Every structure is written in structure tokens, then in C-alpha cells.
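Have a look at the structure below, then the notes.
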Amino acid sequence: MIQRIIAWILPYLPKKFVWLFSRKYIAGEKLEDALNTISHLNRQNISSTIDILGESVVASDQALEYQKQYLQTVEQIGRAKLPSTFSVKPTMFGLLWDEEFCYICIREIVLLARQYNNFVRIDMEDSQCTSLEIALYERLYREFPLDVGIVFQSCLKRTYSDLQHLKNMASDEYPLNVRLCKGIYRETPEIAFQEKQEIRDNYMLCLEFMMENNMFSAIATQDEFLINNSIQLMNKFNKSGRNFEFQMLLGVTPNLRKQLVNQGYPMRVYVPYGEEWFKYSTRRLQENPHMVRDIIAGIFSRK
């Protein structure tokens with residue numbers, strides 16, 4: 001109860017206070033901050049995926065400004081040859097009010113990334129976006145099968161059937177590239193699993209389907225139970241580092257991340273940056289108030 005109350009009052013606190021915990025999980029406001037973070041991770045043999053913070057845009061000029069930021073980011077990453085891909089949230093480009101406009105915006109980002117032999121992943125947002133984002137991904141995949149990927153959430157009851165659908169749509173020549181996460185959005189019991197173990201079980205069911213059907217598996221989790229069971233699946237299907245990678249959030253479970261890297265597993269870290277960090281931080285806490293305990297511990301244990 002206390003955690004939920006703290007999560008709800010955070011948006012009304014000074015930004016400087018909220019930044020005390022946010023700085024661990026967000027690279028900063030500027031592209032330079034993200035580039036520095038990517039370089040730091042690279043020295044630890046860790047790749048990155050860049051995410052410019054912002055979503056649910058309601059005007060085309062705002063969406064075009066975000067597109068400009070992404071194009072600049074793709075250009076700089078490409079020229080510097082840094083090991084980072086890109087993650088985009090379609091609602092940042094108007095998915096909910098103009099699907100065609102959204103497609104055109106993201107397609108241009110994919111085209112530029114492709115020039116640098118890079119990769120763009122379509123993020124999965126809340127359940128009102130799921131079908132729209134799958135349709136967007138399918139359209140881009142048909143044109144750029146090696147250059148785009150998608151995200152699925154194991155908390156959603158529909159995810160296994162969505163994976164089956166994509167398998168039937170995809171070409172055997174170009175395997176699908178899927179990031180699988182638990183999911184952070186609060187959804188109703190009618191469409192989403194609510195219990196921790198149910199979500200875990202569905203995660204492993206979906207991951208096994210992905211590996212069995214030759215999909216590139218981006219295993220996005222900090223849950224040691226899922227990590228250990230994922231490694232067992234890799235051994236079962238004889239997967240190499242070319243078929244999968246672990247993915248983690250910036251600032252979360254760094255010791256576990258280091259352990260996996262030291263064991264030789266490929267690792268990619270999600271690196272968010274942008275001026276919308278305050279809204280991003282407070283919204284995530286409201287959706288997941290259990291994070292407050294870890295954040296408070298992080299503030300007082302910070303060196």
C-alpha cells in the first residue's frame with residue numbers, strides 16, 4: 001500500500017528528486033548522454049538498443065519532430081559504428097490516429113538504419129495497440145525482413161497464438177526476430193495473466209515455440225527463474241549466440257548481467273534517453289509500484 005501511495009505522489013515531486021532514482025535507469029536527456037552510455041556498455045562487451053522517450057503523440061508535427069530525432073540518432077550511431085540497434089514506440093508516430101502516417105514515419109527510420117546494416121524493433125505497448133502493432137510489423141517485415149523485429153508480452157493471453165500467426169506469415173528464408181518480455185502494462189484479467197507464475201509459464205511456453213520454429217529469440221528479462229530455464233531451452237534446441245541474446249533494462253540487476261556476459265552469453269541493454277524522462281519514470285512507477293522498494297534501496301546504496 002505504501003509503495004502504491006509513493007508511486008502516485010512522485011509526479012508531484014520536484015524533478016531533481018525524481019532524477020535521483022531515474023538517472024540509474026535512463027541515459028539522460030541528450031543524444032550525447034546515450035552515446036556515452038552505449039560506449040561504456042560496449043567496453044563491457046555489451047550491445048545496446050536505443051529508445052527515445054516519448055509516446056502517445058497526438059499531433060503530426062510532434063511525431064515528425066520525434067522522427068527527426070530518431071533519424072539523427074540512427075545517423076550518428078551508424079557513422080560511429082557503435083553496437084546499438086533501435087527501438088520505436090508506434091504511438092510516438094501517431095499509430096492510434098493515423099496508421100498510414102505512422103507506417104511512413106517508421107519506414108523512413110528503417111530505411112536509414114538499413115543503410116548502416118542496422119536494425120529497428122517495433123515495441124509493443126498496451127493492449128489497445130497490440131493488433132495494430134502486429135499489422136505494422138507484418139507490413140514492414142514483408143519489405144525489410146532482415147531489418148525489423150517485434151516485441152511480445154507473456155502476460156497477454158493472446159501472445160502464443162500471435163506467434164503462431166506470425167510463423168505462418170513469415171518466410172522460412174528470413175526468420176522472425178522477436179523480443180519476449182513479461183510486459184509492464186496493467187491489463188484486465190480477461191486478456192492478461194495476473195499471477196507471477198502464470199506469466200512465467202506463458203513466457204517459457206512462448207519462448208519454446210520461438211526456438212522450436214527458428215525465430216531469433218531476444219530474451220528480455222531480469223528474472224533468474226526465466227533466465228535459468230531459457231538456458232535449458234537453448235541447450236535442448238542446440239542454440240548458439242547467433243540465434244538468441246539476453247536483453248536487460250539499463251540499471252537493473254547489473255550483477256546478474258555481468259555474470260551472464262562473463263559466461264559468454266550475448267547481452268543487449270535497453271538504453272532510453274530524452275526530455276520525456278520524467279513522464280516515463282513516473283508512469284512506469286504508477287503501473288508497477290512494487291519497483292518503489294528497489295528504487296529507494298538504490299538511492300541509499302548509491303556510491
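Points to keep in mind about this one:
- Those trypsin sites (Lys or Arg not before Pro) in segment 71-131 that DSSP places in a loop and that have at most 12 other beta carbons within 10 Å: Lys81
- Restricting segment 99-146 to chymotrypsin sites (Phe, Trp or Tyr not before Pro) that sit in a DSSP loop and have at most 14 other Cβ atoms within 10 Å of their own Cβ leaves Tyr116.
- Filter on Lys196/Lys258; Lys157/Lys236; Lys30/Lys279; Lys30/Lys68; Lys15/Lys279; Lys16/Lys279 - keep pairs with C-alpha separation over 18 Å: Lys196/Lys258; Lys157/Lys236
- Annotation: extensible slack from Gln194 through Gln115 equals 24.2 nm (criterion: 0.36 nm per residue apart, minus Cα-Cα distance).
- Amide H contacts of Arg179 (H built 1.01 Å from N, under 5 Å, at least 5 apart or other chain): Ile150, Val151, Phe152, Ala218
- Taking the Cα centre of segment 50-252 as reference, the dipole from Cβ charges on Lys and Arg (+1) and Asp and Glu (-1) amounts to some 640 debye.
- Straight-line reach from Lys81: taking Cα to Cα under 19 Å and skipping same-chain neighbours fewer than 8 places apart, the aspartates and glutamates in range are Glu32, Asp33, Asp51, Asp147.
- Note on segment 177-250: with charges restricted to the Cβ of Lys and Arg (+1) and Asp and Glu (-1), its dipole about the Cα centre is near 300 debye.
- Dimensions of the chain from C-alpha coordinates, computed as largest minus smallest value along each principal axis and given longest first, are 52, 44, 44 Å.
- Rounded to the nearest whole Hz, the Karplus-based 3J(HN,Hα) values (6.51 cos²θ - 1.76 cosθ + 1.60, θ = phi - 60°) of segment 132-149 follow the sequence 5, 6, 5, 4, 4, 4, 4, 4, 5, 4, 4, 9, 10, x, 9, 10, 9, x, with x at glycine and proline.
- Simple rule: put +1 on each Lys or Arg Cβ and -1 on each Asp or Glu Cβ in segment 50-252, find the dipole, and look at Ile134, Leu207, Asn117; the Cα lying farthest toward the positive end is Asn117.
- Taking all Cα pairs closer than 8 Å and separated by 6 or more residues, the relative contact order of the chain comes to 27 percent.
We did not get these values from a lab; they are worked out from the coordinates using the rules stated. Just so it is clear, the model here is predicted, and its values are computed rather than measured. Here Cβ is always computed from backbone atoms with ideal geometry, including for glycine, and neighbour counts include all displayed protein chains.
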